[in-house]
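Since the structure comes first, as C-alpha cells, the remarks are kept for the end.
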C-alpha cells in the first residue's frame, strides 16, 4: 500500500518508460520513498486525445508505455531512482525491450521540472562517458508533454497475474534483479 505523504514531506513526480509498463510498475511499487505508481501513456503525438492500449500498441500514436512515479525526494534521491530505473531495463536498444518492439516500448525519462531534466541528462551523459553499458544509452530524456493513465486492467498487473507467462518469464526476473541489487532501497 503506498504511503501517504504528510504536509512536511513534499513529493515530486517523474514519468519513466522502461519498455513494458507492467515491468516498470512492478519494480517501483517496491521502492522505499515511492508513494504512488500508475501505469499509463506518455509523450505521444496527439496530446489532446486520450490514447487506448489498443491504439498505443499499433506504434502510431507516439506514446510510450510509462509509469507515473510519485516519490518523496527527502527519502529517495532522484539519482537513486534513476539508478534503479537503468538497472532494471535495457536503455541501449532503441524502441525495443526484449521481444517488445516499437516506439511504445522506448526507454524514456519524462520530467516535470528543469532540475529533474538537468539531473537526468547529466546521468545519461555520465553513463555513456563511463561506458556503463556495452552500447550507448539511447534513453529519451525530455519534459513531460502528456500523460494519460492506462485502462484499469493494466494497473498492478504483475501482482494480479504473477503466474501469467509474461509475468513469470519477463517481469519476475526484473523484480528479482531489483531485489538482489537494491535490497537497501526496498520498502
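Taken together, the values in this text are just the output of simple stated rules run on the coordinates, not laboratory data. These numbers were taken from a predicted model, which means no experiment stands behind them. Every residue, glycine among them, receives a Cβ derived from its backbone with ideal geometry; neighbour counts consider all protein chains shown.
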For residue 172 and residue 153, compute 0.36 nm times the residue count separating them, minus their Cα-Cα distance, and round to one decimal in nm.
5.0 nm
Using a ≥ b ≥ c from the Cα gyration tensor of region 44-104 (square roots of the eigenvalues), is it rounded, prolate or oblate, where a/c under 1.5 gives rounded and otherwise the larger of a/b and b/c decides, a/b for prolate?
oblate
Simple spin-label estimate for residue 135 and residue 49 in nanometres, 7 Å along Cα-Cβ
3.2 nm
Protection proxy ranking, peptides 19-32, 168-181, average beta carbon neighbours within 10 Å, highest first
19-32, 168-181
Peptides 53-61, 85-93: what's the order by average Cβ count within 10 Å, highest mean first?
85-93, 53-61
Which three numbers, in whole Å and largest first, are the semi-axes of the equivalent ellipsoid of region 127-187 derived from its Cα gyration tensor as √(5λ)?
26, 21, 13
Sort out for me the Cα centre separation of region 31-90 from region 106-121, rounded to whole Å.
11 Å
Of the DSSP beta bridges with both residues in the chain, give the percent that are antiparallel, rounding to the nearest 5.
85 percent
For peptides 118-127, 105-114, sequence by mean Cβ density within 10 Å, most packed first:
105-114, 118-127
How much FRET efficiency would the formula 1/(1 + (r/R0)^6) give for residue 32 and residue 160, where r is the Cβ-Cβ distance and R0 is 22 Å, rounded to 0.05?
0.45
Length gained if residue 74 through residue 186 is fully extended, taking 0.36 nm per residue and subtracting the Cα-Cα distance, is 38.8 nm
Note the listed values (1) 32.0, 107; (2) 15.4, 44; (3) 16.5, 47, then indicate which one is Rg and Dmax of the Cα atoms in Å calculated from this particular structure.
(2)
Please work out the FRET efficiency for the pair residue 121 and residue 87, using the Cβ-Cβ distance as r and a Förster radius of 25 Å; give the result to the nearest 0.05.
0.85
